[in-house]
Amino acid sequence: MPKLIGFAKGRYYIYLDDIPLVGHIAFGVIDRCANIIQIRPITLCPYNCIYCSVDAGPFSKHRLSEYIVDPKLLVRWVKHVYENKDRDVIEGLIDGVGEPPQHPNIVEIVKELKEFLPRVAMETRGYTLTKKLIDQLAEAGLDRLNVSIDTLNVDKGKVLQGVEWYNVEYVKNIVEYIVKETTIDVHLTPVWIPGLNDKDIEDIIEWGLKIGVGKKYPPFGIQKYEIHRYGRKVPSIKYVGWEDFRKFLSKLEEKYGIPLYYKNLNFGIRRSKCYRNPFKKGDSISVTVVAPGWLKNEVLAVEEKHMYTITITGLEWNSSLIGRKIKVKTTEVYNTICIARLD
Ligand code: SF4
């Protein structure tokens with residue numbers, strides 16, 4: 001059973017060391033039938049970005065639990081998924097609904113993944129990195145850091161990241177150190193919030209080109225601000241659709257002579273064999289409840305026959321549920337994700 005390691009301000013803190021690591025969106029391994037797999041070691045995040053699509057950070061309104069995955073279990077499951085995809089995987093991308101470098105064993109995870117994955121990359125917002133941690137990650141074999149910086153302006157950075165202690169100057173120094181002193185490549189991934197950081201995106205591109213990000217991989221991947229059901233919404237900005245997003249990037253692509261739109265970026269990604277998802281929408285299945293869910297009114301359960309973790313929605317957490325066997329009906333099944341409700 002997952003272990004409860006803390007409870008504060010209405011949120012459970014849970015260590016996952018014996019649960020299937022496929023099935024959930026917030027932790028474990030996600031396969032989307034491509035030759036890249038997503039690896040999610042931790043849901044915790046210290047920031048409160050004003051546009052956060054996954055409602056992370058201390059001011060989260062919807063989260064019920066934060067999870068930390070045992071490093072050995074995580075690597076074992078990544079290897080299992082990799083082998084079930086006939087080893088047709090070129091990259092393991094450590095990402096998630098939190099800040100991955102905050103995992104206490106992140107160096108060990110990278111080192112062990114590099115023993116069988118050709119390429120390991122990690123997403124970060126940068127402020128949780130130190131030069132010491134960077135050196136350790138480089139030594140462990142990390143190939144690339146995708147660093148999200150949305151502005152080079154110190155005050156605006158505090159507003160966008162939603163915390164007073166965030167200082168983009170520190171992140172700039174760290175990125176410059178990575179580029180100059182290590183073998184880790186940097187791919188900058190600012191989020192464009194129309195009307196709020198238009199010019200900042202250009203500043204980031206000019207700075208990134210000047211310091212030499214993107215030695216082996218595309219230097220930039222501009223992210224689109226999207227509104228999600230449980231995400232945070234930026235008040236009073238004009239929502240921009242994909243066509244306008246493309247137009248905004250086309251102008252910058254022309255100006256700087258580099259690809260920026262995600263479809264124009266070459267990471268060598270293509271379709272590959274899918275990891276099995278034995279369920280389809282509407283299936284009735286038996287599961288065992290193991291822990292509080294990620295969001296409020298959710299619980300975590302395990303389907304033992306196929307070794308899948310299932311999110312059950314519409315069920316309020318109560319510790320007497322632990323170990324209980326219940327019947328559920330799947331409501332959403334996609335990639336390696338499975339969500340269900342009481343049958
Ligand atoms: S956008 Fe990323 S860094 Fe910002 S609060 Fe959300 S998960 Fe954390």
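Observations on the structure shown:
- Contact order relative to length of the stretch 3-80, as percent, for alpha carbon pairs under 8 angstrom and 6 or more apart: 33 percent
- Computed from Cα atoms, the angle from the helix 131-140 axis to the main principal axis of the chain rounds to 70 degrees.
- Taking every protein chain into account, the accessible area of the chain amounts to 44 square angstrom per residue (probe 1.4 Å).
- Largest-first principal axis extents of the Cα set of the stretch 90-138 (Å): 28, 24, 15
- C-alpha long axis of helix 168-181 to longest principal axis of the chain, angle in °: 80 degrees
- Residue (of Pro219, Met122, Tyr239) at the positive-pole extreme of the stretch 3-264, dipole from beta-carbon charges: Tyr239
- Summed residue charge, Cβ within 10 Å of Asp88's Cβ, Lys/Arg positive, Asp/Glu negative: +4
- Dipole axis of the chain (+1 Lys, Arg; -1 Asp, Glu on Cβ), positive-most option in Leu265, Ile68, Val54: Val54
- With viscosity 1.306 mPa s and temperature 10 °C, the Kirkwood radius over alpha carbon pairs of the chain converts through Stokes-Einstein to a diffusion coefficient of 76 µm²/s.
- Per residue, the Cα convex hull of the stretch 284-342 amounts to 72 Å³.
- Accessible surface ranking that places the most exposed of Met122, Met307 first, with a 1.4 angstrom probe: Met307, Met122
- Partnerless cysteines in the chain, where a partner means another cysteine C-beta under 4.7 angstrom, comprise Cys45, Cys338.
- Tyr15 sits among other residues whose Cβ lies under 15 Å from its own Cβ, and their net charge, with Lys and Arg +1 and Asp and Glu -1, is 0.
- Highest-fluctuation residue, Trp317, Trp77, Trp165 considered, GNM on the chain with Cα pairs under 10 Å: Trp165
- 3J(HN,Hα) along the stretch 309-318: 8, 10, 8, 9, 9, x, 9, 6, 5, 7 Hz, from the Karplus curve 6.51 cos²θ - 1.76 cosθ + 1.60 with θ = phi - 60°, whole Hz, x for Gly and Pro.
- Since only Ile322, Thr151, Ile19 are under comparison, the one whose Cα sits farthest along the positive direction of the charge dipole of the chain, derived from C-beta charges on Lys, Arg, Asp and Glu, is Ile322.
- Candidates Ile94, Ile14, Ile269: whichever shows maximal mean-square fluctuation once the chain is modelled as a Gaussian network with Cα springs under 10 Å: Ile269
- For trypsin sites (Lys or Arg not before Pro), the sites in the stretch 178-248 that DSSP calls loop and that have at most 15 other Cβ atoms within 10 Å are Lys215, Lys216, Arg229, Lys233, Lys238.
- Within the stretch 284-342: Cβ-based charge dipole about Cα centre, in debye rounded to nearest 20 (Lys, Arg +1; Asp, Glu -1): 180 debye
- DSSP beta bridge pairing in the chain, given as percent antiparallel to the nearest 5: 55 percent
- Too-long pairs where the Cα-Cα distance tops 24 Å, listed order kept, from Lys114/Lys263; Lys216/Lys255; Lys61/Lys172; Lys172/Lys233: Lys114/Lys263; Lys61/Lys172; Lys172/Lys233
- Calculated [222 nm] ellipticity per residue, helices only, for the chain: -7500 deg cm²/dmol; basis is -39500 (n - 2.57) per DSSP H run with n ≥ 4, divided by all residues, nearest 500.
- Accessible carbon and sulfur surface of the chain relative to its total accessible area, %, 1.4 Å: 52 percent
- Remark: the chain carries a charge dipole of roughly 800 debye about the Cα centre, counting +1 on each Lys and Arg Cβ and -1 on each Asp and Glu Cβ.
- Convex hull volume per residue for the stretch 213-256, taking Cα atoms only, in Å³: 122 Å³
- The local environment of Gly314, defined by Cβ-Cβ distances under 9 Å, has a net charge of -1 under the rule Lys, Arg +1 and Asp, Glu -1.
- In this structure the amide hydrogen of Phe220, modeled in the peptide plane, comes within under 5 Å of the amide hydrogens of Leu188, none closer than 5 places in sequence on its chain.
The values are calculated or read from the model by the stated rules, or taken from the named source; none is laboratory data. Just so you know, these numbers come straight off a predicted model, no measurement behind them. Reconstructed Cβ throughout: ideal geometry from the backbone, glycine too, with neighbour counts over all protein chains shown. Surface accessibility is based on the protein's heavy atoms, side chains included, excluding ligands, DNA and RNA. Shrake-Rupley method; radii C 1.70, N 1.55, O 1.52, S 1.80 Å.
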